[in-house]
Amino acid sequence: MLASDTAYPRLKTSFNAGELERWYSPTPEECEFCTKVVRGQGSRFGFFLLTLKTFQRLGYFVTSDQIPDSIIAHLAEIEKIPLDRGAKALRRFTLTQNPCRSDTQLFKCQSV
């Protein structure tokens, strides 16, 4: 039994082309849904990456730093977004932000 087969599955660290295509390529229906719900290419990319595709695979939400580069590159290629504009910028922003800016907010963040 693999760790990814447990009650709390995890994303693998490496994928072959078939796995990326099967599990992480948006279907025409998903693309249509996303076009109706999300505006802008960057938002669409984030929606596919952070919510739709990883949630479908795992059954729970993950943070951007938990998503392997191979999935990010695959979706960026599909969405025709250069990686330096898309996921890398998102990761830099996410990892440099501190949502707890005061003692009160720190307490709230720690209690959540």
Practice item. Being part of a helix (DSSP H, G or I) and either open to solvent by less than 20 Å² (accessible area, probe 1.4 Å) or hydroxyl-bearing (Ser, Thr, Tyr) (or both) is the filter here, so list the residues in the range 59-78 that pass it. Key: Ser64, Ser70, Ile71, Ile72, Leu75, Ala76
Point to revise | Pick from the range 7-25, criterion part of a loop (DSSP other than H, G, I, E, B), at pLDDT 90 or above and open to solvent by less than 70 Å² (accessible area, probe 1.4 Å), ranking: farthest from Glu77 (Cα to Cα) | key: Phe15
Point to revise | Condition broken by Ile72, with the remaining ones in (1) farther than 25 Å from Arg10 by Cβ; (2) at pLDDT 85 or above satisfied | key: (1)
Check your understanding: From the residues in the range 30-58 that are of a type in the set (D, E, K, R), assigned to a helix (DSSP H, G or I) and out of contact with any helix residue (DSSP H, G or I) (no Cβ under 6 Å at 6 or more places or on another chain), which one is surrounded by the most Cβ atoms within 10 Å (Cβ to Cβ)?
Key -> Glu30
Exercise for review: Among the candidates Phe45, Phe33, single out the residue that is among the hydrophobic types (A, V, I, L, M, F, W, C) and modelled with pLDDT under 85.
Suggested key: Phe45
Study note, to complete from the structure: Output for Cβ contacts, cut-off 9 Å, separation at least six or different chains, first residue under 15 Å from Ile78 (Cα atoms) in the range 35-56, second basic (Lys, Arg) and in a helix (DSSP H, G or I), reads Thr35/Arg44
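The values are calculated or read from the model by the stated rules, or taken from the named source; none is laboratory data. Since the model is a prediction, treat every value here as computed from it, not as a measurement. Quick reminder, even Gly has a Cβ in these numbers, built from the backbone with ideal geometry, and neighbours come from all protein chains shown. Accessible surface areas use protein heavy atoms only, side chains included; no ligands, DNA or RNA. Shrake-Rupley method; radii C 1.70, N 1.55, O 1.52, S 1.80 Å.
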